[in-house]
Amino acid sequence: MGSVFFNMSPSMSSQVTSSNSLAKQLFSMTWPMLFGVLSLMSFQLVDSAFIGQLGLLPLAAQGFTLPIQMIVIGLQVGLGIATTAIISRALGAGNTQYAKQLGGLVLLMGSVGIAFFSVIIWLLRHPILALLSAPDSVYPVIDSYWPHWLLSAWVGALIYFYYSICRSNGNTMLPGIMMIVTSMLNLVLDPIFIFTLDLGLNGAAMATTVAFGLGTLIVAPKVARKHWITFDWQDLNIGKSLASIGHIMGPAMISQLLPPVSSMLATKLIAGFGTAAVASWALGSRFEFFSIVAVLALTMSMPPMVGRLLGEGRLDDVRYVVRLACRFVLSFQLAIAVITFLISGMLANLMTSDEEVSSILHWHLMIVPVSLGLLGICMLMVSISNALGKSYTALTISALRLFAFFLPCLWIGSEIAGLKGVFFGVLIGNVMAGVCAWSMYRRALGQVENKLNQA
């Protein structure tokens, strides 16, 4: 054993050292995001569990809200990606004043844009519900709930834009800490607003608004003191700056908006099985978001690392880091799937008091998590393709996952085996998407390598 190390060549030793360094770097960049995202997902899951105790109609209302909520999140994330890219590029070029002006522009553009979109959603709420095949009994609940939910969504978007500005300026600690603080605050306020004050579903949205609002009051002054934003645009070509933001934001937004469109179509299909099925689907989807938290953290930490390695021409290291992340995702998600399968009955009863919803959710938790490892590979390949400069490959992977695999398998499964077939359809769709995404990533990396060799 010792002779192996003593006989190791300098190049092999250097490779091992480099690999260990890359693994440590990947870990150090991922764990802060992991805790931040975990806290965010934890509060959302517990929030759903609290709402689950209110009965079938509030759960169903949340189910019909979920696809619209994903659209709002898609818009803010698309702008957040553009914010990080364009501000960091300006700072790298030494244009500090321009970076500050962009920060102010993004903040105003995002807050006004999300507010306008929220008003449109409110005015079109009944046509939206009709499009989703919502039963008449849900309409009064939505009429009461959505004003509070839309306000919470706007405040959540506002603090997200502040987080994006922080990350653009190299500060990931403040957003990470504040994600944990606001999530814990929400967990404390939820039972008070929902049960103690007897505000029900509306109370859940109010608690979120208060938590994010207080978070914004903490983050905004810190960002101002750091001089990361300015609203002095006298020497700024606003039209050109908006065009620059839109050029990056457009593809990112399209990619982000594909899942909610798919979710709306899936919800419409699920609605054909009844209100309990929609309620169960909402709870199952929330649990899925929670269980892939490590994947979500990696999608945030890996792109800058891959981009830097690419800039240095270290494609072998890119391959190593990606393989390392993929092995971790597959093993971690397999462990989660086994644990979830074993306690699926207990989890279903914990997340809802309705027997019919619990029975459906039990099947969801036994079947779908088995495929989340390959879903994670697919999500990871989207982020890495963007980092490689292959944005259209990333967009294609997202589109194929949803519209060539997920939705068709969902529909075929429902036709063959009803509601249980839907869950097996999700499983098969995720597996096919993961395999396809890996193949497309390898092809994209090969194209990048050929381009570097020709340069």
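The values are calculated or read from the model by the stated rules, or taken from the named source; none is laboratory data. Only a predicted model underlies this, so the values are computations on that prediction, with no experimental measurement involved. Reconstructed Cβ throughout: ideal geometry from the backbone, glycine too, with neighbour counts over all protein chains shown. Only protein heavy atoms, including side chains, enter the accessible area calculation; ligands, DNA and RNA are left aside. Shrake-Rupley method; radii C 1.70, N 1.55, O 1.52, S 1.80 Å.
Only one of 124, 105 is farther than 30 Å from residue 357 by Cα and over 22 Å from the mean Cα position of the chain (by Cα). Can you tell me which?
Numbers: 124 fails: farther than 30 Å from residue 357 by Cα.
The match here is 105.
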task = With the checklist (1) polar (S, T, N, Q); (2) over 26 Å from residue 336 (Cα atoms); (3) surrounded by fewer than 22 Cβ atoms within 10 Å (Cβ to Cβ) in hand, flag the one item residue 393 doesn't pass.
result = (3)
inquiry  = Which count do you get for residues in the range 335-346 that are surrounded by fewer than 16 Cβ atoms within 10 Å (Cβ to Cβ) and closer than 20 Å to residue 37 by Cα?
reply    = 1
query = Out of the range 266-318, which residues are under 18 Å from residue 30 (Cβ atoms), in contact (Cβ under 8 Å) with a residue 60 or more places away in the chain and open to solvent by 50 Å² or more (accessible area, probe 1.4 Å)?
reply = 289, 290, 300, 304
ask   = Among (1) over 14 Å from residue 270 (Cα atoms); (2) buried (at least 18 other Cβ atoms within 10 Å of the Cβ), where does residue 424 come up short?
value = (1)
message = I'd like to check something: does the range 37-51 contain any residue that is open to solvent by 30 Å² or more (accessible area, probe 1.4 Å) and not in a helix (DSSP H, G or I)?
response = no
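Restricting the search to the range 378-390, which residues are β-branched (Val, Ile, Thr) and either touching a Ser or Thr at 6+ places or on another chain (Cβ under 6 Å) or surrounded by fewer than 24 Cβ atoms within 10 Å (Cβ to Cβ) (or both)?
At the first step, the residues of the range 378-390 found to be β-branched (Val, Ile, Thr) are 382, 384.
Once the filter is applied, which keeps residues that are β-branched (Val, Ile, Thr) and either touching a Ser or Thr at 6+ places or on another chain (Cβ under 6 Å) or surrounded by fewer than 24 Cβ atoms within 10 Å (Cβ to Cβ) (or both), the range 378-390 yields only 382.
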request  = Give the range 359-377 a look and list any residue that's among the β-branched types (Val, Ile, Thr) and either under 21 Å from residue 417 (Cβ atoms) or open to solvent by 60 Å² or more (accessible area, probe 1.4 Å) (or both), or say none.
outcome  = 360, 367, 368, 370
task = Just one of (1) of a type outside the set (Phe, Trp, Tyr); (2) over 25 Å from residue 315 (Cβ atoms); (3) crowded, with 21+ Cβ neighbours inside 10 Å trips up residue 417, so point out which.
result = (3)
query = Given the residues 287, 273, 231, which is the only one that is closer than 18 Å to residue 360 by Cβ and outside any helix (DSSP H, G or I)?
reply = 273
inquiry  = Regarding the range 302-321, can at least one residue be identified that is at pLDDT 90 or above and hydrophobic (A, V, I, L, M, F, W, C)?
reply    = yes
inquiry  = Against the conditions (1) over 17 Å from residue 223 (Cα atoms); (2) open to solvent by less than 50 Å² (accessible area, probe 1.4 Å); (3) at pLDDT 90 or above, where does residue 136 fall short? Just the number, please.
reply    = (2)
task = Scan the range 172-208 for residues that are farther than 17 Å from residue 61 by Cα, surrounded by fewer than 22 Cβ atoms within 10 Å (Cβ to Cβ) and among the polar types (S, T, N, Q) and jot them down.
result = 172, 196
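Would you be able to say whether some residue in the range 333-344 is without any contact (Cβ under 8 Å) to a residue 12 or more places away in the chain and either in contact with a helix residue (DSSP H, G or I) (Cβ under 8 Å, 6 or more places away or on another chain) or under 15 Å from residue 303 (Cβ atoms) (or both)? Explain how you work it out, then say what you get.
Step one: of the range 333-344, the residues without any contact (Cβ under 8 Å) to a residue 12 or more places away in the chain are 335, 338-339, 342-343.
Those left that are additionally either in contact with a helix residue (DSSP H, G or I) (Cβ under 8 Å, 6 or more places away or on another chain) or under 15 Å from residue 303 (Cβ atoms) (or both): none.
Checked against the condition, which is being without any contact (Cβ under 8 Å) to a residue 12 or more places away in the chain and either in contact with a helix residue (DSSP H, G or I) (Cβ under 8 Å, 6 or more places away or on another chain) or under 15 Å from residue 303 (Cβ atoms) (or both), the range 333-344 yields no hits at all.
Run down 17, 84 and say which single residue is surrounded by 14 or more Cβ atoms within 10 Å (Cβ to Cβ), more than 30 Å from residue 280 (Cβ to Cβ) and modelled with pLDDT under 75. Break it down stepwise before answering.
Numbers: 17 fails: surrounded by 14 or more Cβ atoms within 10 Å (Cβ to Cβ).
Exactly one residue qualifies, and that residue is 84.
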request  = Pull up the range 347-358, narrow it to residues that are in contact (Cβ under 8 Å) with a residue 12 or more places away in the chain, in a helix (DSSP H, G or I) and surrounded by fewer than 16 Cβ atoms within 10 Å (Cβ to Cβ), then point me to the one that is nearest to the chain's Cα centre (by Cα).
outcome  = 350
query = Yes or no: residue 398 part of a helix (DSSP H, G or I) and either open to solvent by less than 50 Å² (accessible area, probe 1.4 Å) or touching a strand residue (DSSP E or B) at 6+ places or on another chain (Cβ under 6 Å) (or both)?
reply = yes
note = Sole miss for residue 180 among (1) over 29 Å from residue 97 (Cα atoms); (2) in contact with a Phe, Trp or Tyr (Cβ under 6 Å, 6 or more places away or on another chain) is condition (2)
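Of 144, 164, which residue is assigned to a helix (DSSP H, G or I), polar (S, T, N, Q) and modelled with pLDDT of 90 or more? If you could, list the steps in order and put the result at the bottom.
Values: 164 fails: modelled with pLDDT of 90 or more.
After applying the criteria, what remains is 144.
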ask   = Could you list, in sequence order, the residues of the range 406-455 that are touching a residue at least 12 places away in the same chain (Cβ under 8 Å), among the small types (Gly, Ala, Ser) and more than 15 Å from residue 372 (Cα to Cα)?
value = 413, 414, 418, 444
note = Pairing a residue in the range 178-206 that is under 28 Å from residue 222 (Cβ atoms) with any residue that is open to solvent by less than 70 Å² (accessible area, probe 1.4 Å) and assigned to a loop (DSSP other than H, G, I, E, B), where Cβ atoms lie under 8 Å and the two sit 6 or more apart in sequence or on different chains, gives 193/199; 206/199
task = Go through the range 94-119 and give me each residue that's open to solvent by 60 Å² or more (accessible area, probe 1.4 Å) and either free of Cβ contacts under 8 Å to residues at least 60 places away in the same chain or among the basic types (Lys, Arg) (or both).
result = 95, 96, 112, 116, 119
